[in-house]
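What follows is a short report on a single structure.
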Amino acid sequence: QVQPVESGGDSVQAGGSLRLSCTAPGFTSTNCAMDWYRQAAVKQREWVARINPAGRTGYRDSVKGRFTISKDKAADTVYLQMNSLIPEDTAIYSCKTNWVPGGRRNCASDWGQGTQVTVSS
């Protein structure tokens with residue numbers, strides 16, 4: 001099963017921006033959704049954003065207006081543009097494909113290993 005690979009995490013000051021990448025070989029052909037999640041120290045993993053096969057997007061309330069999810073179909077890559085970062089965004093960010101209606105059977109991927117984002121005040 002495919003394991004996505006995340007990259008782009010870094011340490012930034014509050015108000016800064018980062019662009020995370022998630023590459024999953026064959027993702028585009030599955031016609032499935034890609035989701036971003038994050039897990040902060042001493043906190044449980046939480047869902048952050050989704051992009052479905054048609055390009056429809058969704059976000060958790062705390063990142064709405066600051067984060068933007070997009071994809072490059074040819075590169076089997078999904079991006080998470082993060083602007084106006086705040087210390088509460090500090091977490092390990094990971095991505096995972098998930099089945100949606102119309103998607104290839106058993107298209108859900110394994111969890112990626114994640115990329116660390118640290119935002120200092």
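The values are calculated or read from the model by the stated rules, or taken from the named source; none is laboratory data. These numbers come from a predicted model, not from an experiment. As a convention, Cβ positions derive from the backbone with ideal geometry for all residues, glycine included, and neighbour counts pool all protein chains shown. Just so you know, the surface numbers come from the protein's heavy atoms only, side chains and all, with ligands and any DNA or RNA stripped out. Shrake-Rupley method; radii C 1.70, N 1.55, O 1.52, S 1.80 Å.
Worth pointing out:
- For the chain, the relative contact order works out to 38 percent when only alpha carbon pairs closer than 8 Å and six or more residues apart are counted.
- Value in Å of the Kirkwood radius, where the chain supplies the Cα pairs that are averaged: 14.3 Å
- Note on surface exposure: Glu6, Glu88 rank Glu88, Glu6 by accessible area, highest first, 1.4 Å probe.
- Region 18-34 - phi-based ³J(HN,Hα) in whole Hz, Karplus 6.51/-1.76/1.60, Gly and Pro as x: 9, 10, 8, 10, 9, 10, 9, x, x, 4, 4, 5, 6, 6, 10, 8, 10
- Zone of Ser84's modelled label, taken as backbone nitrogen in region 1-37 under 11 Å from a point 7 Å along Cα→Cβ: 15
- Region 93-119 versus region 2-25: alpha-carbon centroid distance in Å: 13 Å
- In whole angstrom, region 35-81 maps to an equivalent ellipsoid with semi-axes of 21, 12, 9, each derived as √(5λ) from the alpha carbon gyration tensor and ordered largest first.
- Chain lengthening between Asp110 and Ser70 when straightened (0.36 nm per residue, less Cα-Cα): 12.4 nm
- Just so you know, the averaged projected area of the alpha carbon convex hull for region 58-121 sits at 5.5 nm².
- Once both labels are positioned 7 Å from their Cα atoms along Cα-to-Cβ, the gap between Asn98 and Ser17 label points is 2.7 nm.
- Divide the volume of the convex hull around the Cα atoms of region 5-46 by the residue count and you get 109 Å³ per residue.
- Only helices enter this figure: runs of n ≥ 4 DSSP H residues, each worth -39500 (n - 2.57), summed and divided by the residues of the chain, yield -500 deg cm²/dmol at 222 nm to the nearest 500.
- Region 51-121, relative contact order [Cα under 8 Å, separation at least 6], %: 26 percent
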